[in-house]
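One structure below.
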Amino acid sequence: MPNEKISQMGVASALTGTESVEVVQGGDNKKTTTADIAALGGGGGTWGSITGTITAQTDLVAYVTGVQDLFIPASAMWPRITGGCSSLTQSEMSTSIFNIQTLDFDQTTQEFAQMQIVLPRKWNNGTITATVYWTASTGSGTVQWGISGGAYSNDDALTVALGTAQTSDDTLIATNDLHISPATSAITLAGTPADSDFLAIQISRNPASDTLSGDAKLLGISIRITTDAAVDA
């Protein structure tokens, strides 16, 4: 058989997993099967909950879309002018010399912080949830966080109010420990979310509904979105 470039070879039919493939292992040429390569799950790891056989590009797209997490630190937020929390505060752990930047929320008065973001166009423009990362240097009890938001398209009025806040309660385990709250229920953004929308997210502490006897120090939030495309096309 004459030597042929790969580009000159015929196109294979649908793979069954039994086809032989040449690989180099330990400096020696050896053979394996397409099924063994597929079992690597993309380079030695796994593809999460993938089951079955990928037979077309549409199958692959389905596997790379779905739930995605995006973390926004407190340093990307600011106190609201009306009823705002503290300005961004830097503090240092006395033993580890580990520095944190937080927005601090009062134990007696409801306070607010806000942030803005544009999500990737592969977002499905649906509801989101939020998980709060926080700590406290004093006190005990449970904090209640509230998260709300709105979506604004080109020429939308920025005076439209944000949507209904969803809450997350989390109990202080120990001072100066990292706390990751339970996720909120689904947050419906005000407006009609569309690709490339400008999103406003508001975070509050609700001291009338919590028992934490000290400032709650916000480190950031992780928002969870659902994507319905593999790329931002």
Next item on the list: Go through the stretch 93-125 and give me each residue that's closer than 23 Å to SER213 by Cβ and out of contact with any helix residue (DSSP H, G or I) (no Cβ under 9 Å at 6 or more places or on another chain).
Entry: MET93, SER94, ASP104, PHE112
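For the condition modelled with pLDDT of 95 or more, closer than 30 Å to ALA174 by Cβ, outside any strand (DSSP E or B) and within 26 Å of the chain's Cα centre (by Cα), what is the one hit in SER75, SER91?
Within the list SER75, SER91, the selection yields SER75.
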Checklist line | Segments classed as strands (runs of 3 or more DSSP E), wholly inside the stretch 124-183, with at least 3 members that are in contact (Cβ under 8 Å) with a residue 24 or more places away in the chain and either loosely packed, with under 13 Cβ neighbours inside 10 Å or not assigned by TED's automatic domain parsing to the domain that holds ILE203 (or both) | finding: none
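The values are calculated or read from the model by the stated rules, or taken from the named source; none is laboratory data. On a predicted model such as this, the values are computed, not experimentally measured, just so you know. Every residue, glycine among them, receives a Cβ derived from its backbone with ideal geometry; neighbour counts consider all protein chains shown.
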